[in-house]
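First comes the structure, then the notes that go with it.
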Amino acid sequence: MRESNGVLPDNTTPENDLAEIAKLIARCAEQDAQLESLRESSRRELKESTALLDALIRSSSEVRYRLNGDWSVLHQLQGGGFIPDTESGNSNWFEQYIPKEHQDLVRAEINRAIEQRDTYNIEHKVNRVDGTVGWAQSRAVPMFDETGAVSSWMGAASDITLAKTAEEAQRLLNLELAHRMKNTLAMVQAIVSQTLRNAASIEEGQRAISARLEALARAQDILTQTEFTEAQVQEVVDAAILPHQHARHRIDVGGAPDTLRPQEALGLSLAIHELTTNAIKYGALSNENGRVRIRWARPSGAFVFEWFESDGPAVTAPANRGFGSRLIERIVAAYFEGEGSLHFDPGGVRFTLVGKPQS
């Protein structure tokens, strides 16, 4: 009920005040507990995220680093066994880690990243822990302070030395293959033009060209198996006389295991083709009794190849040397950087090829 003055009666007592305060304290304590739980959950999530980020960086790179805003001081670098570590500020990091031949390249990328406030990203040479020079793929991102200024840079790098070495090897291989292709095409051009020039008819020239190019192709097949590094002499000889298997039992082949460089293999294949073709048409393999003996050796480091014919028709030296003879004596010999000698002895044709001694 109301008092006469219209004011509600004051029912507040000290006990009621204490009860309300206790409730308020309990609610605050409950809220603090909830906040602490949220903080703990956030700490766990942050720790897990940091661990995941650290694992990601470790799995994708060997090196982690931190620099100041203008890249003048390297605050921390974990080299992962690839480049030397540093735990304190290093103002000489640029000269210490970057080889002189790549310093301008790296400095230009640093200046670009700072000016554009953009990701630093570059492949460059680097001085490794073992004292050798390797290659690194390096990336760094700017870290901004509350004013928006770049306060530092966080980066990671990976060792790409093997990849760059393979890339350089592939480049050199491509150059070498291009060089060899030019040499082969020059050889083919010489074969075609000289064969047609000396042929009695177009048909004869076509047959001769086809046979000579097939000899080259068989030698190329051997080289392809070894990626154009070398060819076994025995394989080159066997491939060259393969089309003449009907006379194979009358060709005595022998020599120590040996290898030839690509151009030497092509040249020797052509020489054997020309000698075998001539022997079948006019020489020792043109009758039933003639024989051919093929030998090779490398005395004193110089490759020596010999072809001997015997028991064939009597041999008379031709009045004019044809392209086949010039091919054997001059062109083939040039591929060995040596000398070729073709002799028309009465008892049988004899050819000797002496290459340049290996250094």
ask   = What pairs can you find where one residue is in the stretch 95-116 and within 30 Å of Gly148 (Cβ to Cβ), the other is in a helix (DSSP H, G or I) and open to solvent by less than 60 Å² (accessible area, probe 1.4 Å), and their Cβ atoms are less than 6 Å apart, with a gap of 6+ or different chains?
value = Ile98/Val106
query = Name the residues in the stretch 237-284 that are β-branched (Val, Ile, Thr) and in contact with an Asp or Glu (Cβ under 9 Å, 6 or more places away or on another chain), would you?
reply = Val253, Thr259
Which listed residue, of Val237, Val253, is surrounded by fewer than 22 Cβ atoms within 10 Å (Cβ to Cβ) and more than 23 Å from Arg330 (Cα to Cα) = Val253
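Conditions tested, residue by residue: (1) within 29 Å of Gln170 (Cβ to Cβ); (2) without any contact (Cβ under 8 Å) to a residue 24 or more places away in the chain.
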| site | (1), (2) |
| --- | --- |
| Ser201 | no, yes |
| Ile222 | yes, no |
| Thr229 | yes, no |
| Gly290 | no, no |
remark   = Only one of (1) open to solvent by 30 Å² or more (accessible area, probe 1.4 Å); (2) closer than 18 Å to Asp159 by Cα; (3) part of a strand (DSSP E or B) does not apply to His124, and that is (1)
note = Counted residues in the stretch 54-78 being open to solvent by less than 100 Å² (accessible area, probe 1.4 Å) and either among the basic types (Lys, Arg) or modelled with pLDDT under 75 (or both) come to 9
task = Of the numbered conditions (1) surrounded by fewer than 17 Cβ atoms within 10 Å (Cβ to Cβ); (2) within 26 Å of His249 (Cα to Cα), Gly324 fails exactly one; give the number of that condition.
result = (1)
message = Checking the condition open to solvent by less than 50 Å² (accessible area, probe 1.4 Å) and either of a type in the set (Phe, Trp, Tyr) or closer than 23 Å to Leu196 by Cα (or both), which residue from His273, His244 passes?
response = His273
task = May I ask you to say which residue of Ile209, Ile191, Ile251 is of a type in the set (A, V, I, L, M, F, W, C) and modelled with pLDDT of 85 or more?
result = Ile251
query = Can you name the condition, by its number, that Ile280 falls short on among (1) in contact with a strand residue (DSSP E or B) (Cβ under 9 Å, 6 or more places away or on another chain); (2) more than 17 Å from Thr352 (Cα to Cα); (3) of a type in the set (A, V, I, L, M, F, W, C)?
reply = (1)
ask   = Applying the selection to the stretch 119-149, what residues are at pLDDT 95 or above and of a type in the set (Asp, Glu)?
value = Glu123
inquiry  = So in the stretch 292-326, with the set limited to residues that are part of a loop (DSSP other than H, G, I, E, B) and free of Cβ contacts under 8 Å to residues at least 24 places away in the same chain, which one is farthest from Thr259 (Cα to Cα)?
reply    = Ala319
ask   = Of the residues that sit in the stretch 139-154 and are under 32 Å from the mean Cα position of the chain (by Cα) and under 18 Å from Glu115 (Cβ atoms), which one is most open to solvent (accessible area, probe 1.4 Å)?
value = Arg139
request  = Specify the residue that is nearest to Arg128 (Cα to Cα); the eligible residues are those in the stretch 82-116 that are open to solvent by 30 Å² or more (accessible area, probe 1.4 Å) and part of a loop (DSSP other than H, G, I, E, B).
outcome  = Pro84
ask   = touching a residue at least 12 places away in the same chain (Cβ under 8 Å), surrounded by fewer than 21 Cβ atoms within 10 Å (Cβ to Cβ) and part of a strand (DSSP E or B) - does that describe any residue in the stretch 327-343?
value = yes
query = Does the stretch 344-359 hold any residues that are in a loop (DSSP other than H, G, I, E, B) and either over 36 Å from the mean Cα position of the chain (by Cα) or surrounded by 15 or more Cβ atoms within 10 Å (Cβ to Cβ) (or both), and which are they?
reply = Pro346, Gly347, Gly355
request  = Just name the residue that is surrounded by the fewest Cβ atoms within 10 Å (Cβ to Cβ) out of those in the stretch 276-303 that are of a type in the set (Ser, Thr, Tyr) and within 17 Å of Ile328 (Cα to Cα).
outcome  = Tyr282
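The values are calculated or read from the model by the stated rules, or taken from the named source; none is laboratory data. Source: prediction; values computed, not measured. Here the Cβ is made from the backbone with ideal geometry for all residues, glycine too, and neighbour counts use every protein chain on show. Protein only, heavy atoms only, side chains kept; ligands, DNA and RNA dropped before computing areas. Shrake-Rupley method; radii C 1.70, N 1.55, O 1.52, S 1.80 Å.
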